[in-house]
Amino acid sequence: MQVDKAAAPLILVVDDESVNRLILESNLKKHELRTISASSGQECLELAQREKPDLILLDIIMPEMDGFETCQALKNKEESRNIPVIFLSALTDSEIKTKGFEAGGVDYVSKPFDARELLARVHTHLTLRNQEKQLRLYSENLEDMVNERTNKLKLAEQELQRNYDMQTALNQLLQLSLQELPLENLLQQCLESILGTSWLALQNRGCIFLQEEDGTRYRMAAQINLPQAVLDRFSSFTPGEYACGKAIEEQEIIVVPDDAPAHKVPPNLIPDPHSHICVPIRSKDATVALMNLYTDKDRSLSQQDLIFMRAVGRTLAQVILYKWTEQRMFHHVYHEPLTNLPNRTALLDRLSKEIQKLRSVPDYKFSLILANLDRFNRYNESLGYDLGDKLILSSAQRMLVGRKAEEEVLHLGGDGFAVLMKDLGEPVAPLFLAENILDALKQPHKLDGHEIQTSASAGVVISNTGYERAEDVLRDADIALHQAKHKGRGRFEVFNCLMHQKARQTMQMFMDLRLALQRNEFVLFYQPIICLASGRAAGVEALIRWFHPAQGMVSPGEFIPLAEETGLILPIGRWVLERACLDMLRFAEDMGFSEPMMVSVNLSAKQFAQADLYEQVEAIIECTGFPPQCLKLEITESVIMENAEAAVRILDRLKKLGIKISIDDFGTGYSSLSYLNRFSADILKIDRSFVSRMHLGGENLEIVRTIVTLAQAMKMLVIAEGVETKEELEALTALKCEYAQGFYFAKPMPLDQLQGFNMFGEMEERRGLSGDRRGRLPDRRKSNGRRSSDYCTEDLRSET
């Protein structure tokens with residue numbers, strides 16, 4: 001097929017380098033585009049005025065008159081004002097691009113350019129220019145038509161007014177199409193404009209259906225004053241359904257009275273008498289939308305009405321097609337082609353909006369995390385770029401898993417990703433998220449038969465009021481990222497600002513806590529549990545302590561909540577249980593006991609919720625050889641009551657192992673008598689808050705009395721926690737409380753000090769008997785020959 005070269009678009013190429021002009025012209029001519037060229041800005045102005053090209057490709061850096069000046073001069077001349085200008089330059093700085101757009105350029109292509117990209121952009125802007133010409137020509141034709149009719153019907157003032165309204169309505173639609181609004185909002189305004197056309201005598205209700213991407217259905221995209229019944233039952237349809245579908249099939253306007261038997265909207269949904277007008281909105285090849293209008297039942301449409309409706313349909317079709325093209329271009333500008341994730345341009349736009357919120361919303365915070373795959377170029381070079389792309393896609397999918405609505409994942413090109421956390425609550429949240437991302441990215445990728453082990457580094461920045469530009473936030477995150485890579489990769493760093501100090505300290509403790517098990521920094525202390533009747537130590541409670549290599553002893557109140565929050569309590573809890581069993585076995589051997597002392601171990605909420613808790617406890621008992629009857633697990637009342645029915649099942653299973661169950665902090669929760677009976681618990685522990693000041697009488701004394709009475713009635717033992725004074729001890733003894741622990745008897749102590757604790761002498765001395773306050777324990781192996789169960793555990797195990 002022979003192409004009419006004279007009809008091909010004419011491109012003016014402007015560059016002071018002849019080689020560049022030749023390359024550009026060669027590429028353009030291969031695609032049946034005509035070209036002319038200029039080597040300077042002045043020559044460009046002359047050619048533009050004389051030849052009137054369809055598009056200009058303009059270099060920026062040229063002698064005498066640069067590209068910006070040339071473009072401004074073009075825009076100042078009437079004959080060249082509307083010629084689209086695409087800048088070509090090796091300068092990629094955003095300020096340069098912005099200056100180009102301010103000068104009047106419509107696009108920007110970086111050198112060295114990709115021929116396909118350049119041609120795509122050229123064709124896009126040629127298409128837009130052609131559509132603009134067609135719209136302008138169409139508007140001019142309509143104006144000519146109106147003028148012609150006006151001249152012929154000068155005496156018919158009503159017809160003149162109607163034609164004027166028609167022109168106004170169509171022009172208004174064209175004006176609306178130029179607004180920067182989402183398509184559905186634009187269609188809503190177009191519908192309002194059409195319904196406001198007085199001479200059509202339309203009812204003030206209607207809707208527009210927009211074709212979905214797959215082309216099989218039309219969904220309601222705009223509506224005015226439709227009854228809820230219509231919205232509920234008529235939100236979409238397929239071609240062939242109702243009058244709407246018939247209009248699409250016939251490609252013609254259909255008018256149906258409300259009582260017509262065929263093509264009806266679902267009956268009785270529009271209450272007032274009416275005629276239903278279906279206007280297909282068509283482009284050359286397809287019906288892209290359909291408009292439903294309503295008029296009085298006895299109102300017939302004239303031929304001029306139908307002409308106007310068809311013109312409205314064609315105009316709306318152009319508006320929709322233009323918006324669809326704009327959306328595709330917008331998506332291309334703000335998204336990475338490989339992953340289809342928002343790109344760097346989108347990130348800067350979002351950061352600018354976040355900075356605005358930072359200024360206007362009190363206490364508003366956001367965070368940015370930048371992440372890069374470590375040594376990605378090595379994988380690209382060794383395995384090929386196709387596999388490198390697949391690795392990027394796999395990493396992007398992992399980045400998306402588990403993200404919340406306020407956590408947006410972006411792809412900045414290559415192996416660079418970002419996560420923007422909006423409306424930040426806790427400053428520590430982005431640090432945990434960064435850790436989660438790095439953990440996800442370091443898992444092996446199985447791609448095309450290869451198992452690729454990667455790692456990633458990340459930089460984190462948390463907003464503060466000092467940020468003015470999006471680029472500054474991105475810069476700080478990038479600094480932190482490079483610092484992480486500098487320190488060894490596979491890690492993240494937080495940009496060092498004072499406001500981040502608390503979060504950094506918390507994260508440091510988290511990282512130290514994670515290593516504490518590996519470095520053997522934890523140790524167990526033991527606090528004796530005393531039988532108040534005999535004065536003997538009936539058992540001990542295991543309590544964890546952390547000896548930090550730099551900070552020394554860290555309070556459990558500092559690290560236990562963090563361990564709970566991060567899940568580290570699970571491996572720590574397993575270690576405590578196993579260590580306590582081993583320690584008590586060794587203690588029994590050192591003391592010559594035939595059986596270990598009863599040891600109490602606390603279970604956290606997360607431990608108690610584990611599906612395999614029973615299996616873990618069973619495995620530790622079997623692995624250590626610890627007698628289950630010497631093990632007591634303590635669970636707080638509040639944890640048990642979070643899901644009482646599940647707790648009954650869990651405790652029943654644990655009891656089958658032969659261990660004892662203690663309900664800790666009893667009285668602070670909301671357990672009922674019926675559940676308490678079903679929990680299979682052996683011991684109630686009275687919370688220290690009730691023990692303190694109970695000797696003064698009042699509410700605390702009555703609560704303790706009630707708990708002791710309840711436990712005795714249910715054949716359960718009672719242990720009072722936090723006993724610190726002689727008066728508290730005497731009050732507990734008067735209430736016949738069997739067991740107690742607290743500083744009055746002994747502070748928690750390491751295992752080696754426990755061996756020196758006088759389990760008889762200290763209690764007798766506090767009762768006024770003679771003897772050393774810290775006397776040695778008698779050598780039970782020689783003095784009385786009692787079994788360890790008789791000495792250590794019989795009091796706690798006598799009632800089961």
Self-check item: DSSP-defined beta bridges in the chain - what % are antiparallel, rounded to 5
Solution: 60
Practice problem: Measure out, as a whole number of angstrom, how far apart the alpha-carbon centroids of segment 204-237 and segment 586-661 sit. | Solution: 62
Quiz item: What is the antiparallel percent of DSSP beta bridges lying wholly in segment 5-131, to the nearest 5?
Solution: 0
Exercise. Report ³J(HN,Hα) in whole Hz for each residue of segment 28-39, in order, from the Karplus equation J = 6.51 cos²θ - 1.76 cosθ + 1.60 where θ = phi - 60°; Gly and Pro get x.
Key: 5, 5, 4, 10, 6, 10, 7, 9, 9, 9, 9, 9
Quiz item: Say each of residue 116 and residue 333 gets a label point 7 Å from the Cα, pointing the same way as Cα to Cβ; how far apart are those two points in nm?
Solution: 2.3
Practice problem: Could you list the residues of segment 296-331 with an amide nitrogen less than 18 Å from a label point located 7 Å from the Cα of residue 131 in the Cα-to-C-beta direction? | Solution: 312-331
Quiz item: Mind checking which lysines have their C-alpha under 19 Å from residue 606, skipping anything on the same chain fewer than 8 residues away?
Solution: 632
Quiz item: For the chain, what is the relative contact order in percent, using Cα pairs closer than 8 Å and at least 6 residues apart in sequence?
Solution: 6
Quiz item: Could you give me the ³J(HN,Hα) list for segment 546-554, computed from phi with Karplus coefficients 6.51, -1.76, 1.60 and θ = phi - 60°, whole Hz, x at Gly and Pro?
Solution: 10, 9, 6, x, 9, 9, x, 5, 9
Practice problem: For residue 454, enumerate residues with amide H under 5 Å from its amide H, sequence gap 5+ or separate chain, H modeled in the peptide plane. | Solution: 445
Practice problem: Could you work out how far helix 67-76 tilts from the main Cα principal axis of the chain, as a 0 to 90 degree angle to the nearest 10? | Solution: 50
Quiz item: Looking at the square roots a ≥ b ≥ c of the eigenvalues of the Cα gyration tensor of the chain, which shape do they give, rounded for a/c under 1.5, prolate if a/b is larger than b/c, or oblate?
Solution: prolate
Self-check item: Packing-based order for 438-445, 390-397, using average beta carbon neighbours within 10 Å, highest first
Solution: 390-397, 438-445
Quiz prompt | Order of 232, 305 under a 10 Å beta carbon neighbour criterion, fewest first | solution = 232, 305
Quiz item: Given the Cα-Cα distance of residue 23 and residue 325 and 0.36 nm per residue of separation, how much length would full extension add, in nm?
Solution: 105.8 nm
Practice problem: Once you have the Cα-Cα distance between residue 303 and residue 148, take 0.36 nm times their residue separation minus that, and quote the gain in nm to one decimal. | Solution: 54.1 nm
Practice problem: Please work out how much length the chain gains when fully extended from residue 393 to residue 611, using 0.36 nm per residue of separation minus the C-alpha to C-alpha distance, in nm with one decimal. | Solution: 75.1 nm
Quiz prompt | With Cα atoms, 0 to 90° folded angle of helix 41-51 axis to the chain main axis | solution = 50
Self-check item: At most 13 other Cβ within 10 Å, DSSP loop - GluC sites (Glu not before Pro), segment 321-422
Solution: 406
Quiz item: Against the longest alpha carbon principal axis of the chain, how many degrees, from 0 to 90 and to the nearest 10, is the axis of helix 569-591 turned?
Solution: 10
Quiz item: Among the lysines, which have Cα under 30 Å from the Cα of residue 97 when same-chain residues fewer than 8 positions away are ignored?
Solution: 29, 30, 52, 75, 77, 111, 133, 323, 353, 357, 422
Practice problem: On a C-alpha basis, how far is the centre of segment 686-700 from the centre of segment 422-450 in Å? Whole number, if you could? | Solution: 48
Quiz item: If r is the Cβ-Cβ distance from residue 486 to residue 515 and R0 is 25 Å, what FRET efficiency results, to the nearest 0.05?
Solution: 0.75
Quiz prompt | Burial ordering of 165, 682, fewest other beta-carbon atoms within 10 Å first | solution = 165, 682
Quiz item: Summing -39500 (n - 2.57) over the DSSP H runs of n ≥ 4 in the chain and dividing by its residue number, what mean residue ellipticity at 222 nm do you reach, to the nearest 500 deg cm²/dmol?
Solution: -14500 deg cm²/dmol
Quiz item: Which far-off residues, 5 or more places away or on another chain, put their amide H under 5 Å from the one on residue 35, with H placed in the peptide plane?
Solution: 11
Quiz prompt | Segments 650-662, 692-704 sorted - mean Cβ within 10 Å per residue, highest first | solution = 650-662, 692-704
Practice problem: Please order 511, 641 by the number of other Cβ within 10 Å, starting at the fewest. | Solution: 511, 641
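Read-outs: derived from the displayed coordinates by stated rules, not from any lab. Keep in mind that this is a model prediction, so the values were computed, not measured. Cβ: placed from backbone, ideal geometry, glycine included. Neighbour counts: every protein chain shown.
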